[in-house]
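Asks: One structure, as structure tokens, below. Some questions next.
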Amino acid sequence: MSNALMVLVTLVIFLLINAAAIKMYSESVEQDLEDTIGTVADEDDLADIIEGFTVRRNEFILLFLLDGTACIAVLFLVSLIFTRKLAGHIMEPLTALSDGADRIRNHNLTQDIAYSGDMEFENVCHSFNEMREAILIGQEKNRKYEKARTDMVAGISHDLRTPLTAIRGTIKALLDGVASTSEQQKKFLETAYRRTGDMDVLLNQLFYLSKLETGNIPLTLNTIELSAFIGNYVKGKRELLENEETEVTADTQGITGYVSVDVKQLQRIFDNLLENSRKYAGVTPLRIKISLQRTENGFSICFSDNGVGVAEEKLPYIFDEFYRIDESRNQKEGNGLGLYIVKYLIEAMGGSVRAENADGLLISMEIREEKQNGR
């Protein structure tokens, strides 16, 4: 429409200019005729002169009209040709985009738009392909996430049912008088109490995950000396685990340095890694080592155990939400949240985490150094 209006306006202007030119020429011819008539006395000569001027004027007007008509026709034809060519040129990528949108509407997200031509259209098609890819990745991620949530519900039901069944059986046994001595009653009650602790751990993890995903756990960053924190942590855990066949050691190699972290959340990270080794290492005695190394930009905290490690094909997924190595849930208890929380928190504090097998499972966390006194 814009192109047609452009041509139409051009033709109107052209006609107006021609009409003005014809008018000016006619007036000029009439003036010349009047001047000539004033100098001629013979009537025959005067008639010939008038007739000559009339013929000249009519011939000019006719020639002008023919020339204008030819120019208009050529202009219109050329405009039509170029308009069709331009429309086809524009409609090719637009048709490709329309087809791509139809495919997306029909849930076909596997085919790219194949267009090669003008850079502007190529950029639009490339952006469309990137959008399609992002939608596909998002759908796949949502699918996995929903499957993980479904598995989580089933897993939590299992994890809660096990201690609940044990507690219920213990209470029933006490009511039925199975435990007749005070020692037996104490043993039954200790079992029930331990099971409530398992339930409490699971519920706390779920509650903490909910707070993480809703952004209700703001980080409070403080500068701490990292090697001292590791030493104090290991010392405290040794006292708690002195009755278990679990040994926790620290190797800071004399390295000192400061980092900006949320101390409470760093403590939770260490606790989750410790609990992960206790659940899944599968060896007795269990030896856990926390070592510190200096890197180019800060420090690497390595948390390793002497366990059985993780199958190589499963290593890339152990930090995923709700992921459990033992999917059957028949051998190990767990909810697939501990390592996910580790990854979430360490990245929230500007660090990164990775896992590998090294005579057991080794999880290393990279964290930036906080310079002190401008150094």
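Asks: If the chain between Ile17 and Tyr145 were fully stretched, how many nm would it gain, using 0.36 nm times the residue separation less the Cα-Cα distance? Intermediate values should be presented prior to the final figure.
Replies: Details: separation 128, 0.36 × 128 = 46.08 nm, distance 7.21 nm.
Using 0.36 nm per residue and subtracting the Cα-Cα distance, I get 38.9 nm.
Asks: Among Val259, Val78, which comes first, second and so on when ranked by fewest other beta-carbon atoms within 10 Å?
Replies: By the 10 Å Cβ count, ascending: Val78, Val259.
Asks: Further question: Under the rule a/c < 1.5 gives rounded, and otherwise a/b versus b/c splits prolate from oblate, where does segment 59-171 land using the Cα gyration tensor? Numbers along the way, then the final one.
Replies: Values: a/c = 8.91, a/b = 6.26, b/c = 1.42.
Cα axes put segment 59-171 in the prolate bin.
Asks: Name the long-range amide H neighbours of Arg294: under 5 Å, sequence gap of 5 or more, or other chain; modelled H, no Pro or chain starts.
Replies: HN-HN under 5 Å from Arg294: Ser300.
Asks: Sticking with this one: Which ³J(HN,Hα) values, rounded to whole Hz and listed in residue order, are derived for segment 14-27 from phi using the Karplus coefficients 6.51, -1.76 and 1.60 in 6.51 cos²θ - 1.76 cosθ + 1.60 with θ = phi - 60°, glycine and proline given as x?
Replies: Along segment 14-27, the couplings run 4, 5, 4, 5, 4, 4, 5, 5, 5, 4, 5, 5, 4, 4 Hz.
Asks: Taking Cα centroids, how far is segment 236-314 from segment 79-154 in Å?
Replies: 47
Asks: Whole-Hz ³J(HN,Hα) for each residue in segment 246-254, computed from phi via Karplus 6.51 cos²θ - 1.76 cosθ + 1.60 with θ = phi - 60°, x for glycine and proline: what do you get?
Replies: 10, 10, 10, 10, 10, 9, 8, 6, x
Asks: Here's something else I'd like to know. Amide H of Ala250 versus every other amide H placed in the peptide plane: which residues, excluding those fewer than 5 positions away on the same chain, fall under 5 Å?
Replies: Ile290
Asks: To the nearest µm²/s, what D does Stokes-Einstein give for segment 120-213 at 20 °C and 1.002 mPa s, using the Kirkwood radius over alpha carbon pairs as Rh? Don't skip to the answer; put the middle values down first.
Replies: Working: Rh = 17.4 Å.
Rounded, D is 123 µm²/s.
Asks: Now, a different point. Using the Karplus curve 6.51 cos²θ - 1.76 cosθ + 1.60 with θ = phi - 60°, work out ³J(HN,Hα) for each residue of segment 99-116 in order, rounded to whole Hz, and write x for Gly and Pro.
Replies: Rounded to whole hertz, the list is 5, x, 5, 5, 5, 5, 4, 8, 6, 9, 10, 9, 10, 7, 7, 9, 9, 9.
Asks: Any idea what the dipole of segment 222-368 comes to, in debye rounded to 20, about its Cα centre with Lys/Arg Cβ at +1 and Asp/Glu Cβ at -1?
Replies: Working: 17 positive and 23 negative charges, 50 e Å.
Charge dipole, segment 222-368, about its Cα centre: 240 debye, nearest 20.
Asks: Any idea how far apart Ser98 and Gln293 come out in nm if each label point goes 7 Å out from Cα toward Cβ?
Replies: A separation of 6.0 nm, rounded to one decimal place.
Asks: Counting only C-alpha contacts under 8 Å and six or more residues apart, can you give the relative contact order of segment 120-213 as a whole percent? Intermediate values should be presented prior to the final figure.
Replies: Details: 23 pairs, mean separation 24.4, N = 94.
Contact order relative to length: 26 percent.
Rule-based calculations on the coordinates, nothing more; no lab input. Note that this is a predicted model, so its numbers are computed, not measured. Here the Cβ is made from the backbone with ideal geometry for all residues, glycine too, and neighbour counts use every protein chain on show.
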